[in-house]
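A.B. asks: Here it is: the structure, laid out below.
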Amino acid sequence: MVHLRSMIKGSSSVSRGEEVADRSHSKSGIGVVIWNVTYDCNMRCSHCYQSEWRPIRELSDFNELRIVDQLEELGKPLIFISGGEPLLKSQTPQLIRELKARDFRVILSTNGSLNGALRSVADSLDNIALPLYGPEEFHDTITSVKGSYNSVINALRDLRGMNLTIKTVASRSTMKHIRHLLDVASRYDVSTLYVCDLLPEGRASSSEILSKEEWRKLLDFFLQEVIMEEEYGEIEIDIGLHPSAAIYASMRAGFEVKRRIMREGRGLISISPTGDVLLSPYLGDLRIGDARRIKEALESDIYRKVGDARNLKGACGDCPFKEVCGGSRVKAYVYSGDLLGEDPTCLIN
């Protein structure tokens, strides 16, 4: 997570989430949990990193493993509820309510298609993230579901006044529509635009991946027109799967990144629908433990090695920013098979 506005201009609702994550991380070593409650989804997005394979059995009872109890004992990290489409799982609303009753900060990532279920839990959420990729015809082509664009717009309209995020993927096709996304965000008082880099996994096409120069131009646009000139109001720009974006932005804007970016091995873990603890939701084959014993997962060799900047190799190992950035361990693994290798998408290398 790289929050450009809060980095440059100070406090925001996003930084309150960071405070929650930092407080929990200082207690237990875990600050952010991405909890994918199901693999099931009612859309087939062309960029999805999930493979077509699905395990036979998902967790049917979250309480069975005392997951929430454990997370509470570990300091109440920031919780992202995701999937698949999390609201397809009948137990998800109760899970959200339980987390909120225990005073967790909870963010729901949903595709907006299940309006009734979404509205039933909206008051228990600190942020609701909805996908948008461009104008109606383009968006519906990306999701392979006609009417999906209107579902998102209806959700944004119905939930206006709440803390909302529009999430999108940074691809060559979607970034042609970046101003459309910002216009929609401005119209419905959306607080954050989340832009996640595209991984060449699952259904994604490598031809859609932005080059380093395209990424730099995109960040320059965000820094100048969106943040400095506030052409679209005071919207936060959150960059996903690209920690070096923080370093590049700091160089362009003339400030120092002081906060260590929370990534794989540095306070972020994922819980899978089957109850595995993963280094990242994007690395489903890298299991570091199971949800019955989350604390033990944080003590695993993989988690500890990945979180220690002294173990990094190549350009990341030689980089003066390795302690605050450290590169994307996900992309190091996806592109080279080495979790400790250099991040080939680094914007300052």
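A.B. asks: Which condition breaks for residue 59 when tested against (1) of a type in the set (A, V, I, L, M); (2) in contact (Cβ under 8 Å) with a residue 60 or more places away in the chain; (3) not in a loop (DSSP other than H, G, I, E, B)?
C.D. replies: Status for residue 59: all satisfied but (3).
A.B. asks: Out of the residues in region 4-41 that are over 21 Å from residue 72 (Cα atoms) and at pLDDT 90 or above, which is surrounded by the fewest Cβ atoms within 10 Å (Cβ to Cβ)?
C.D. replies: Applying the filter and picking the extreme gives 40.
A.B. asks: Then there's this: Taking the conditions exactly as written (out of contact with any strand residue (DSSP E or B) (no Cβ under 8 Å at 6 or more places or on another chain), modelled with pLDDT of 95 or more and of a type in the set (Asp, Glu)), does residue 72 satisfy them or not?
C.D. replies: For residue 72, the condition - out of contact with any strand residue (DSSP E or B) (no Cβ under 8 Å at 6 or more places or on another chain), modelled with pLDDT of 95 or more and of a type in the set (Asp, Glu) - is met.
A.B. asks: For region 204-216, does any single residue satisfy the condition of being touching a Ser or Thr at 6+ places or on another chain (Cβ under 8 Å), over 16 Å from residue 242 (Cβ atoms) and modelled with pLDDT under 95?
C.D. replies: Yes: one or more hits.
A.B. asks: Determine if region 235-246 includes at least one residue that is hydroxyl-bearing (Ser, Thr, Tyr), modelled with pLDDT under 95 and not in a loop (DSSP other than H, G, I, E, B).
C.D. replies: Scanning region 235-246, I find no residue that is hydroxyl-bearing (Ser, Thr, Tyr), modelled with pLDDT under 95 and not in a loop (DSSP other than H, G, I, E, B), so the answer is no.
A.B. asks: Also, I was wondering about something else. Does at least one position in region 256-267 carry a residue that is surrounded by fewer than 17 Cβ atoms within 10 Å (Cβ to Cβ), modelled with pLDDT of 95 or more, over 24 Å from residue 48 (Cα atoms) and not polar (S, T, N, Q)?
C.D. replies: No.
A.B. asks: Still on this structure: Among residues belonging to region 268-290 that are modelled with pLDDT of 95 or more and among the hydrophobic types (A, V, I, L, M, F, W, C), point out the one that is surrounded by the fewest Cβ atoms within 10 Å (Cβ to Cβ).
C.D. replies: Per the criteria, the residue is 278.
A.B. asks: Within region 325-349, take every residue that is of a type in the set (Val, Ile, Thr) and at pLDDT 95 or above and give me the one that is farthest from residue 267 (Cα to Cα).
C.D. replies: The residue in question is 345.
A.B. asks: Then there is this: Within region 96-103, is there a residue that is more than 28 Å from residue 146 (Cβ to Cβ), in contact (Cβ under 8 Å) with a residue 24 or more places away in the chain, touching a helix residue (DSSP H, G or I) at 6+ places or on another chain (Cβ under 9 Å) and part of a strand (DSSP E or B)?
C.D. replies: Scanning region 96-103 turns up no residue that is more than 28 Å from residue 146 (Cβ to Cβ), in contact (Cβ under 8 Å) with a residue 24 or more places away in the chain, touching a helix residue (DSSP H, G or I) at 6+ places or on another chain (Cβ under 9 Å) and part of a strand (DSSP E or B).
A.B. asks: Something else about it: How many residues, within region 181-214, are within 24 Å of residue 281 (Cα to Cα), assigned to a loop (DSSP other than H, G, I, E, B) and touching a residue at least 24 places away in the same chain (Cβ under 8 Å)?
C.D. replies: Of the residues in that region, 9 qualify.
A.B. asks: Now for a different question. Please tell me if residue 234 is over 18 Å from the mean Cα position of the chain (by Cα), surrounded by fewer than 20 Cβ atoms within 10 Å (Cβ to Cβ) and touching a residue at least 24 places away in the same chain (Cβ under 8 Å).
C.D. replies: yes
A.B. asks: Give the residues of region 60-103 that are over 18 Å from residue 126 (Cβ atoms) and buried (at least 19 other Cβ atoms within 10 Å of the Cβ), sorted by residue number.
C.D. replies: Those that are over 18 Å from residue 126 (Cβ atoms) and buried (at least 19 other Cβ atoms within 10 Å of the Cβ): 62, 67, 74, 83, 84, 85, 88, 89.
A.B. asks: In region 283-295, which residues are closer than 17 Å to residue 72 by Cβ and outside any loop (DSSP other than H, G, I, E, B)?
C.D. replies: Within region 283-295, 294, 295 qualify.
A.B. asks: On the basis of being touching a residue at least 24 places away in the same chain (Cβ under 8 Å), assigned to a strand (DSSP E or B) and farther than 30 Å from residue 332 by Cβ, does residue 166 make the cut?
C.D. replies: no
Residue-wise test of (1) touching a residue at least 60 places away in the same chain (Cβ under 8 Å); (2) out of contact with any Pro (no Cβ under 9 Å at 6 or more places or on another chain); (3) under 23 Å from residue 183 (Cβ atoms); (4) not in a helix (DSSP H, G or I).
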position: 107; (1), (2), (3), (4): yes, yes, no, yes
position: 123; (1), (2), (3), (4): no, yes, no, no
position: 134; (1), (2), (3), (4): no, yes, yes, yes
position: 138; (1), (2), (3), (4): no, yes, yes, no
position: 142; (1), (2), (3), (4): yes, no, yes, no
position: 145; (1), (2), (3), (4): yes, yes, yes, yes
position: 151; (1), (2), (3), (4): no, yes, yes, no
position: 155; (1), (2), (3), (4): no, yes, yes, no
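The values are calculated or read from the model by the stated rules, or taken from the named source; none is laboratory data. What you see is a predicted model, and the numbers here were worked out from it, not measured in a lab. Here Cβ is always computed from backbone atoms with ideal geometry, including for glycine, and neighbour counts include all displayed protein chains.
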